[in-house]
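Written out below as structure tokens is the structure these notes cover.
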Amino acid sequence: MSEKFPRRPVLLVILDGFGTNPSNLNNAVAQANTPRLDHYFSRYPHTLLQASGNAVGLPDGQMGNSEVGHLTIGCGDIVQQDLVRIDEAIGDASFFNNAALIAAVESARNSERPLHLMGLVSDGGVHSNISHLLALVELCRRNGVRPVLHMFTDGRDTPPRSALRYLRKIEPALQAAGGNIATVCGRYYAMDRDNRWERIEQAWQAIICAKGESADTAKAAIDAAYAADINDEFILPTVINGGESTQWGDAVVFFNFRKDRA
């Protein structure tokens, strides 16, 4: 069959951060001088794509991100994201029978040691979700294992000083399970992905060796950071109430679901 139109090169261009919004308020794209884009939009047919929520395999209302966007573009279809899969597992209770999680719980119980939980404590939904942490703490409670949390503060996918909000959500659950917070650390140190050992080492020293800044409580650590004009993302690795170092053979669950900052 003959082609009606000759084949020509097609270019896929991804503009990070670009989006459309009818309001000019706080809208850098609308306020910028974009003569080329204005020309294309006025001359050629075009449409808009939804880049968040259900359209890219995320919960309704959840913002998209580069990982999700590129995966969806590459697949050409909606791919259910890990955030949704974990949410559904919690919802149907299969989460609490997950073989890997049960193995970690049994390892901690058999060795009479706590189960160490570490990850980003926020509801940003990009790397983690606090609902998953709450489910892990509940798993510990049901199985008689004491959870010890190594709390990574966000401030990047969430407001810069929102850590206390999440602390208020997680502390009662930890207390009900007989657990505690051993360390508090900004994601800048604990989740570096640029091979900057000078950052990772500080988090490692706090989590493994109980060495670093010290505070009596997690709240005190966060308050001290704010008093020094340090936002959540950059809170120095801090050992809480003497800490509880991770010993050889201890079971650890890392609850971030994106591997690029694991």
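The values are calculated or read from the model by the stated rules, or taken from the named source; none is laboratory data. Predicted, not measured: the structure shown is a model, and the values here were computed from it. Don't worry about glycine lacking a Cβ; one is built from the backbone with ideal geometry, like all the others, and counts go over all protein chains shown.
Things to note:
- Hey, ALA51 closer than 27 Å to LEU120 by Cα, touching a Gly at 6+ places or on another chain (Cβ under 8 Å), of a type outside the set (Phe, Trp, Tyr) and surrounded by 14 or more Cβ atoms within 10 Å (Cβ to Cβ) or not: yes
- Within segment 54-81, being in a helix (DSSP H, G or I) and buried (at least 19 other Cβ atoms within 10 Å of the Cβ) holds for VAL56, VAL68, THR72.
- Yes/no for SER42 being over 23 Å from the mean Cα position of the chain (by Cα), part of a loop (DSSP other than H, G, I, E, B), over 24 Å from LEU136 (Cβ atoms) and hydroxyl-bearing (Ser, Thr, Tyr): no
- Contact map, segment 86-105: residues that are in the same structural domain as VAL137 (by TED's automatic domain parsing) and touching a residue at least 24 places away in the same chain (Cβ under 8 Å) paired with residues that are surrounded by 13 or more Cβ atoms within 10 Å (Cβ to Cβ) and outside any helix (DSSP H, G or I), Cβ distance under 7 Å, separation 6+ or inter-chain. Pairs shown: LEU101/VAL253; ALA104/LEU115; ALA104/ALA251; ALA104/VAL253; VAL105/LEU115; VAL105/ASN143; VAL105/VAL145.
- Candidates LEU15, LEU25, filtered to the one that is of a type outside the set (Gly, Ala, Ser), farther than 30 Å from CYS140 by Cβ and modelled with pLDDT of 90 or more: LEU25
- Of all residues assigned to segment 41-49, at least one qualifies as being among the basic types (Lys, Arg) and over 20 Å from PHE255 (Cα atoms).
Rundown of residues vs (1) more than 26 Å from GLU67 (Cα to Cα); (2) in contact (Cβ under 8 Å) with a residue 60 or more places away in the chain; (3) among the hydrophobic types (A, V, I, L, M, F, W, C); (4) touching a Lys or Arg at 6+ places or on another chain (Cβ under 9 Å), yes/no style:
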residue: PRO6; (1), (2), (3), (4): yes, no, no, no
residue: VAL10; (1), (2), (3), (4): no, no, yes, no
residue: ILE14; (1), (2), (3), (4): no, no, yes, no
residue: GLY17; (1), (2), (3), (4): no, no, no, no
residue: ASN24; (1), (2), (3), (4): yes, no, no, no
residue: ASN33; (1), (2), (3), (4): yes, no, no, no
residue: ASP38; (1), (2), (3), (4): yes, no, no, no
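- Strands (runs of 3 or more DSSP E) enclosed by segment 209-262 - at least 2 residues per element that are buried (at least 21 other Cβ atoms within 10 Å of the Cβ) and under 22 Å from the mean Cα position of the chain (by Cα): 238-240
- Of all residues making up segment 160-191, the number that are without any contact (Cβ under 8 Å) to a residue 40 or more places away in the chain and farther than 22 Å from ARG141 by Cα: 1
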